[in-house]
Amino acid sequence: MKSAPVVRELRRHPGDFEHVLVHTGQHYDDEMSQVFIDELAIGEPDYFLGAAGASHAEQIARVIDRLAPVIEETKPDLMLVPGDVNSTLAAAVAAKATRVPVGHIEAGLRSFDRSLPEETNRIIVDAISQLLFIHSPEARTNLLDEGAKKNAIHYVGNTMIDTLSALRERIEAIDAAGRHKLERGTYLVVTLHRHWLFEDGELLTDCLARLAEISEELPVVFPMHPRTQAAVEALGLAEDGARLRLLPPLGYLEFLALVSASAGVVTDSGGIQEETTYLGIPCFTLRPNTERPVTVEMGTNVVLGLDPARILEVPGLIRTRPRDGGEIPPLWDGKAASRIVDVLAETFAATRSLEASRA
């Protein structure tokens, strides 16, 4: 979702850029593959590394090892990496090891919680990137505080919102609420997948108990991440009647159609905090912190902390935080990818000019 608009924008300039798309396979399954091919309309990747499964360390090592020959074959002038997942870190390290400059899409986000693997990934990738593409003002402050060069930072907006904006009509055309026999604006969407839910099982069990409790007032639909689904099955937990529904993972379009028609969302996902802000849907983040404080500042996101008991507050909070009650951050306008490509064009033009002057 973060890369697709950049891929499309680069393809609009075939005379200026030769683009190669690498899919590491970190999150590979049939649903994600379908998203790549159909829903995001970017087609098959040029290279597929097949790095799914294994531990964090093994995953990072696999991507570095399998990406190295791709770098050797294609000899890129720049490696663009999005977000904060293991593939982001691995690709940036592989590029750095082969003296390929790195551009980081979604740079500068910080939760200031080093227990999160994503936080370590962000810090390292930003430290070794030459181009830092940010989507909110506090990201600039974070990067400067860590010693980044001012001229490396480019405020371009949010490429994930580019994808959402481009697909908004298709999303709105899907009657996801009707498919699940729900009334628009009357139900809660839940998505939870962070590691702390699974450390002893009690937290996940407590979350489901609280969700069952509020479902008496507000129907709850819970499309489960594969890891969450496996944990629910291992613990022998089940949905509590028709008002708390545990669903398998949904595709990008159907999931966002379900979110856009909801009364609110409970999540521990960073991306969903942003998507709900753009859609004007009240969001309640079940985490001790957020690396996206701009969503709180805009008025759509409330950080509940890592306390399942606070889930009971959500129906009341929804009544005081109506849909469309927040603001959309500056430059979350569907044009971030275009700004990124403009920066790339200027950067490469300056490099060519410098090389010519030295010749």
Task: Residue that is modelled with the highest pLDDT [pool: residues in the range 88-118 that are of a type in the set (S, T, N, Q), surrounded by fewer than 24 Cβ atoms within 10 Å (Cβ to Cβ) and under 20 Å from Q273 (Cβ atoms)] - done: S111
Task: Search result, residues across the range 280-295 that are of a type outside the set (A, V, I, L, M) and either surrounded by fewer than 20 Cβ atoms within 10 Å (Cβ to Cβ) or outside any helix (DSSP H, G or I) (or both) - done: G280, P282, C283, F284, T285, R287, P288, N289, T290, E291, R292, P293
Task: Any pair with Cβ under 6 angstrom, 6 or more apart, that starts in the range 210-226 at a residue that is farther than 11 Å from L247 by Cβ and ends at one that is assigned to a strand (DSSP E or B) and at pLDDT 95 or above - done: L211/V220; L218/L188
Task: Number of positions in the range 296-354 that are of a type in the set (A, V, I, L, M, F, W, C), in contact with a His (Cβ under 8 Å, 6 or more places away or on another chain) and either open to solvent by less than 30 Å² (accessible area, probe 1.4 Å) or over 26 Å from I134 (Cβ atoms) (or both) - done: 5
- [ ] Determine whether the range 106-122 contains at least one residue that is in contact (Cβ under 8 Å) with a residue 12 or more places away in the chain, hydrophobic (A, V, I, L, M, F, W, C) and in a helix (DSSP H, G or I).
- [x] no
Task: Residue tally, condition aliphatic (A, V, I, L, M) and under 18 Å from A309 (Cα atoms), over the range 192-247 - done: 12
Open item on the list: Of all residues being under 23 Å from M160 (Cα atoms) and either among the aromatic types (F, W, Y) or assigned to a loop (DSSP other than H, G, I, E, B) (or both) in the range 66-100, which is farthest from the chain's Cα centre (by Cα)? Just the residue, please.
Closed with: L78
Task: Selection status of E346, at pLDDT 90 or above and more than 20 Å from the chain's Cα centre (by Cα) - done: yes
TODO: Would you kindly identify the helices (runs of 4 or more DSSP H) lying entirely within the range 129-248 that contain at least 3 residues that are at pLDDT 90 or above, of a type in the set (V, I, T) and under 25 Å from the mean Cα position of the chain (by Cα)?
DONE: 159-166
TODO: Select from the range 183-222 the residues that are open to solvent by 30 Å² or more (accessible area, probe 1.4 Å), among the polar types (S, T, N, Q) and within 22 Å of T276 (Cα to Cα) and list them in ascending order.
DONE: T186
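The values are calculated or read from the model by the stated rules, or taken from the named source; none is laboratory data. Because the structure is a prediction, the values reported are computed rather than measured. No Cβ is skipped: glycine too gets one built from the backbone with ideal geometry, and neighbour counts run over all protein chains shown. What goes into the accessible areas is simple: the full protein's heavy atoms, side chains included, and nothing from ligands, DNA or RNA. Shrake-Rupley method; radii C 1.70, N 1.55, O 1.52, S 1.80 Å.
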